[in-house]
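The values are calculated or read from the model by the stated rules, or taken from the named source; none is laboratory data. For clarity, every value in this text was computed on a predicted model and none was experimentally measured. In this analysis, Cβ positions are derived from the backbone assuming ideal geometry, glycine residues included, and neighbour counts consider all displayed protein chains. We work out accessible area using only protein heavy atoms, side chains counted, and drop any ligands, DNA or RNA first. Shrake-Rupley method; radii C 1.70, N 1.55, O 1.52, S 1.80 Å.
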Amino acid sequence: MSLFGSPDDWVDLIDSLIPQILELIVKTWATMPGLAADAREDPTTETFCRRLRQNRNAQELPFRIDIQMVELEPGNGEDQGRMDIAFSPLVPREDIYFCLECKRLNAATAGGFRSYATEYVDHGMLRFIRGQYASMVRNGGMVAYVLDGDLEGALEKVKAVVVRRQLDLGMTAPAEMRPSSSIPGIPSLKETRHVRKSESRNFLIHHLFVSGLGDPGHPRPTDS
């Protein structure tokens with residue numbers, strides 16, 4: 001074993017710490033303020049990342065927490081895409097990390113509220129399945145900023161797109177968003193199982209749907 005351990009050792013470490021990472025994400029979101037109905041992804045994710053870093057529990061995990069991290073394709077050095085938040089172990093390998101991709105749902109636009117469920121799948125989930133993100137590991141994560149607070153409605157819309165795109169997503173019928181096996185008992189925390197074309201083992205995406213309304217006393221956004 002090398003000084004830093006083998007890549008498989010670090011991948012196994014990430015797998016073993018998924019419950020702690022998810023717990024950190026859930027508890028940190030609970031400290032976030034309410035969001036505007038048309039809140040943008042990047043500023044929200046920047047604030048969320050700062051709070052993740054400041055959370056005392058984050059200091060107990062053997063990761064640094066980076067925002068907008070870029071993984072370069074080994075063969076030609078091309079940008080694989082900018083990951084929203086990455087939990088990177090202290091190892092000199094840029095391809096081993098837990099990626100947290102953040103997307104907004106049920107957002108106010110000039111034409112009224114838009115679900116963005118298709119974008120959640122096409123520009124989030126599929127990036128994991130195609131190997132743009134997390135190609136060397138077995139877990140990835142997504143956080144859905146549900147700006148109108150309708151978690152159940154947002155989840156149902158995403159489920160419908162997942163069913164339509166199940167073959168592209170490497171899922172067998174019936175395609176399901178299952179309750180989390182890492183932290184049971186949180187209705188808004190789901191997981192999906194996929195098989196990527198490059199491998200036969202399962203890849204898990206952990207999904208957390210969070211309300212943009214913040215504290216229950218925060219006023220509900222309107223369509224205006």
Q) If you scan the stretch 97-133, which residues turn out to be among the β-branched types (V, I, T) and either at positive phi or modelled with pLDDT under 95 (or both)? A) T109
Q | Answer residue from the stretch 49-67, given it is over 9 Å from A86 (Cβ atoms) and touching an Asp or Glu at 6+ places or on another chain (Cβ under 9 Å) and is least open to solvent (accessible area, probe 1.4 Å) among those | A | C49
Q | Whichever residue in the stretch 28-44 is closer than 15 Å to Q54 by Cα and without any contact (Cβ under 8 Å) to a residue 40 or more places away in the chain and, among such residues, is surrounded by the fewest Cβ atoms within 10 Å (Cβ to Cβ) | A | A30
Q. When you go through (1) within 19 Å of the chain's Cα centre (by Cα); (2) at pLDDT 90 or above one by one for P33, which number turns out not to apply?
A. (1)
Q. Taking the stretch 22-67 on its own, how many of its residues are part of a strand (DSSP E or B) and among the acidic types (D, E)?
A. 1
Q | Matching residues, the stretch 86-106, being aliphatic (A, V, I, L, M), under 18 Å from Y133 (Cβ atoms), part of a strand (DSSP E or B) and touching a residue at least 24 places away in the same chain (Cβ under 8 Å) | A | L100
Q) Would you pick out the residues in the stretch 183-212 that are open to solvent by 10 Å² or more (accessible area, probe 1.4 Å) and farther than 24 Å from R104 by Cβ? A) P184, G185, R193, V195, K197, S198, E199, S200, R201, N202
Q: With the condition kept exactly as written, say whether any residue in the stretch 71-83 is more than 22 Å from I186 (Cα to Cα), open to solvent by 20 Å² or more (accessible area, probe 1.4 Å) and modelled with pLDDT of 95 or more.
A: no
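Answer with yes or no whether R127 is basic (K, R), in contact (Cβ under 8 Å) with a residue 12 or more places away in the chain and either within 28 Å of A37 (Cα to Cα) or open to solvent by 10 Å² or more (accessible area, probe 1.4 Å) (or both). Break it down into steps so the answer makes sense when it comes.
On the way: basic (K, R): yes; in contact (Cβ under 8 Å) with a residue 12 or more places away in the chain: yes; either within 28 Å of A37 (Cα to Cα) or open to solvent by 10 Å² or more (accessible area, probe 1.4 Å) (or both): yes.
Yes; evaluated as a whole, the condition is true for this residue.
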Q.
Please go through the stretch 10-26 and give me each residue that is open to solvent by 60 Å² or more (accessible area, probe 1.4 Å) and at pLDDT below 95, ordered by number.
A. D12, S16
Q) Inside the stretch 107-207, counting only helices (runs of 4 or more DSSP H) that do not spill past its ends, which hold 1 or more residues that are among the charged types (D, E, K, R), in contact with an Asp or Glu (Cβ under 8 Å, 6 or more places away or on another chain) and closer than 27 Å to T47 by Cα? A) 126-129
Q) Restricting attention to the stretch 148-172, and to residues there that are free of Cβ contacts under 8 Å to residues at least 24 places away in the same chain and open to solvent by 80 Å² or more (accessible area, probe 1.4 Å), which single residue is farthest from N202 (Cα to Cα)? A) E152
